[in-house]
Amino acid sequence: MNPLNDVELSEMLYDLACVLKAHDWWRSGDCGVECYNKAKRYFKEKWFGKTQKQRIEAQVNKAVEQFRQDVGEMFENEE
C-alpha cells in the first residue's frame, strides 16, 4: 500500500499510527506499558537510526546549546 504516493512516507506514517495505537491501548488499560515501549523503540530504531544513548546525547547537546544562546542573549545588552 502506498496511499500517499510516497512509499517511505506512507510506511513511516503507518509505523507512527502503530505507536499511537499502542499508546492508546496502554492508556486505556488494554495492554501494559511494555506494549507501548516496544512500539516506540521499534519506531525510533527504524526511523531515527540511532541508539537511545545517541539520541539522549543529541538532545542534551541541543538543550545545552539553546541554554548557551539564551544566556548570551540575556547579557548581550549589558555592556
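The values are calculated or read from the model by the stated rules, or taken from the named source; none is laboratory data. Small disclaimer: the values here were computed from a predicted structure and weren't measured. As a convention, Cβ positions derive from the backbone with ideal geometry for all residues, glycine included, and neighbour counts pool all protein chains shown. Surface accessibility is based on the protein's heavy atoms, side chains included, excluding ligands, DNA and RNA. Shrake-Rupley method; radii C 1.70, N 1.55, O 1.52, S 1.80 Å.
Worth pointing out:
- Comparing Ala39, Ala22, Ala58 in a Gaussian network model of the chain where C-alpha atoms under 10 Å apart are linked, the largest mean-square fluctuation is found at Ala58.
- Dipole of the chain [Lys/Arg +1, Asp/Glu -1 at C-beta], most positive-end residue of Asn77, Thr51, Ala63: Thr51
- Once C-alpha pairs closer than 8 Å and six or more residues apart are averaged by separation and normalised to the residue number of the chain, the relative contact order reads 17 percent.
- A cut-off of 5 Å between modelled amide H atoms, ignoring neighbours fewer than 5 places along the same chain, links Cys31 with Trp26.
- At the residue level, Val60 shows approximately 80 square angstrom of accessible surface with a 1.4 angstrom probe and all protein chains present.
- Lysine pair count for the chain (Cα-Cα distance under 14 Å; residues 8 or more apart in sequence or on different chains): 5.
- Kirkwood Rh, Cα atoms: Rg over Rh of the chain: 1.22
- C-alpha long axis of helix 7-28 to longest principal axis of the chain, angle in °: 90
- The candidates Phe67, Phe48, arranged from most to least accessible area with a 1.4 Å probe in the full protein assembly, appear as Phe67, Phe48.
- Ordered from highest to lowest accessible area with the whole protein assembly present and a 1.4 Å probe, Met12, Met1, Met74 read as Met1, Met74, Met12.
- Positive-end residue of Gly32, Pro3, Val19, charge dipole of the chain with Cβ unit charges: Gly32
- Vicinal HN-Hα couplings computed from phi for the range 44-60 (Karplus, 6.51 cos²θ - 1.76 cosθ + 1.60; Hz; Gly/Pro x): 5, 5, 5, 9, 9, x, 10, 6, 4, 4, 5, 5, 4, 4, 5, 5, 4
- Couplings for the range 70-76, taken from phi via the Karplus curve 6.51 cos²θ - 1.76 cosθ + 1.60 with θ = phi - 60°, read 4, 5, x, 5, 5, 9, 5 Hz in order; Gly and Pro are left as x.
- Lys, Arg +1 and Asp, Glu -1 on Cβ, resulting dipole of the chain about Cα centre, debye, nearest 20: 660
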